[in-house]
């Protein structure tokens, strides 16, 4: 006959199982009393843990501040668990329906991300945005430079000045690597593998690292810049700030704002006062011509540092191959330097 379980064992098992039940009870308490301020602090703490960019924090802060005012109006700032799908839809339709699709989707995405996080981490059980979808956007027109515009830009520098050699290098690297302007201004000399024509780039937007490549054409300018401007420097910022009045490099990194202003002025001077030449236009130019020249979106995704192939697909599709080989074959200077061997390379916007 089997002996019965002792009272001590039963007590131990009861205590053991109670430990598992406690968090669930605490969680229920959190759900019942969840305020917007508490939920927002949890949401932002999670973004910090994921090391998201400062721009992302600003975006969500701006969108949620507007949403907070609505919650106060309908007296649900301290009762997020009671919020319904129809109340959120009313907020979006009433406040943003007259705005363009992009603006409406920004608010939809922010609210979806906020409530999806709260559901995922157990702060709410009923997710009021589970059926909320972004609006269909018309296809974007990608604003990029044509081959003729690139030629005009590259041949516009007074290379008797050291600052102009630096400026030419900025344009070459933006066109040849597709890096963001902040990433470019953060490049250090020690980040460059000169033998392999590659740069280890810190992606400021996603807090990740990636390797980008540059062509032999850019290498020629890199070498001149190293000899004439950097001299024997082996570390520190690659792109240097110059004296305001003298053609003398300073031992300081070029701020991205100064680079942006200079690029904008350069565009107006070359192409007219209504022409918008901004750093991201070079990124679009790199990506568009990469695809035009036969590159595929999978390798392009990695070169651009996109986390999602959907973002890259605005430039089109194909199959994955070795990035360095693909860059040598399809980088922008494959077109610019071999113009006599090609026809039909004047791709207008």
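Relative contact order for the stretch 147-341: 23 percent, from Cα pairs under 8 Å spaced at least 6 residues apart, divided by residue count.
With R₀ set to 25 Å, the beta-carbon distance separating residue 233 from residue 270 gives a calculated FRET efficiency near 0.20. Exposure proxy for 14, 311, 206: other Cβ atoms within 10 Å of each Cβ, ordered fewest to most, give 14, 311, 206. Approximating the spin labels as points 7 Å out from Cα along Cα→Cβ, the residue 35-to-residue 109 distance works out to 3.1 nm. Working note: Cα atoms of the stretch 147-341, range along each principal axis, descending, whole Å: 49, 37, 33.
Take each peptide in 37-47, 288-298, count the other Cβ atoms within 10 Å of every residue, and average; sorted highest first, the result is 288-298, 37-47. Between residue 125 and residue 72, the C-beta separation translates, for a Förster distance of 22 Å, into a calculated FRET efficiency of about 0.40. Each part gets one Cα centre, and for the stretch 76-98 versus the stretch 108-170 those centres are 28 Å apart. A Cα-only calculation for the stretch 194-240 places Rg and Dmax at 12.2, 34 Å.
All of the numbers you see were taken from the coordinates with simple rules; none came from a lab. This structure is a prediction, so every number in the text was calculated from the model and none was measured. When we count neighbours, we look across all protein chains shown, and the Cβ atoms used for this are built from the backbone with ideal geometry, even at glycine.
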